[in-house]
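The values are calculated or read from the model by the stated rules, or taken from the named source; none is laboratory data. Quantities reported herein were computed from a predicted structural model and do not represent experimental measurements. So basically every Cβ, Gly included, is an ideal-geometry build from the backbone, and we count neighbours across all protein chains shown. Heads up: the accessible areas ignore ligands, DNA and RNA and are worked out on the full protein's heavy atoms, side chains in. Shrake-Rupley method; radii C 1.70, N 1.55, O 1.52, S 1.80 Å.
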Amino acid sequence: MSLLRIVGRPFLASMFIAGGMNSVRRPQDVATAAEPVVQPVTDRVAVLPERTEQLVRLNGAVQVAGGVLLGLGRFPRLSALALAATLVPTTLAGHRFWEAEDDSDRAQQRIHFLKNLSMLGGLLIAADDTGGSPSLLWRGRHAAQGVRHDAHVVRRSVRATARPAAAAGGVRSKLGV
């Protein structure tokens, strides 16, 4: 594993661990800001908790777990994808710069929105990073190609030996052997 991955993953994960712990411990601090995003989602997805505080706490728990896993390099692609999924509603709920009335507040929220957008980009890159190893899709395609090649070799071998074997069998039958 490269030094950049060893150092970069914990750096990327640190924000999620800290923010997620805050959401787990004190969901009421962000529940009012999350309400405009939570309500439409819970109306459409029945398995999610009804209360905003529960959903904020769940989102925080996923961020902590995903951040720890990403930081440790365990299931880095899956954890980066989970963190990316939690970042979208967090950003839409917490940094609604288009609704800010004060110019300085709008500028501050825009900066945080763009920061989160940048983190989302980093997470998507991390989710696609195979760590130098071939992806499962590549391995599957490569294995299928190997099987096709082996089948082709067997087919050619059978064709090459079938005619002489048949001819030898015909000669043997004529000789009565």
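What helices does the chain have that are whole DSSP H segments, at least 27 Å long along their own axis by Cα, and with mean Kyte-Doolittle hydropathy of -0.5 or more?
3-25, 52-72, 103-128, 136-175
Mind listing which trypsin sites (Lys or Arg not before Pro) in segment 3-57 are in a DSSP loop and have 16 or fewer other Cβ atoms within 10 Å?
For trypsin sites (Lys or Arg not before Pro) across segment 3-57 that sit outside H, G, I, E and B with at most 16 neighbouring Cβ atoms in 10 Å, the list reads ARG51.
Between segment 67-101 and segment 137-177, how far is it from one alpha carbon centroid to the other, in angstrom?
55
Please compute one quarter of the surface area of the Cα convex hull for segment 37-177 and express it in square nanometres.
In nm², the orientation-averaged hull projection of segment 37-177 is 16.6.
I want to check the label-to-label distance for VAL7 and SER133. Put each point 7 Å from Cα in the C-beta direction and report it in nm to one decimal.
My value for the distance between the label points is 2.4 nm.
What FRET efficiency, computed as 1/(1 + (r/R0)^6) with R0 = 41 Å and r the Cβ-Cβ distance, is obtained for ASP102 and PHE75, rounded to the nearest 0.05?
FRET efficiency, ASP102 to PHE75: 0.45.
Count charges around SER23 for me, please; just the other residues with Cβ under 11 Å from its Cβ, Lys/Arg as +1, Asp/Glu as -1.
With Lys, Arg at +1 and Asp, Glu at -1, the neighbours total +1.
Based on Cα positions only, what radius of gyration and what Dmax would you give for segment 1-119, in angstroms?
When restricted to the Cα atoms of segment 1-119, Rg and Dmax are 15.1, 47 Å.
How much accessible area per residue does the chain have, counting only protein heavy atoms and a probe of 1.4 Å, in square angstrom?
68
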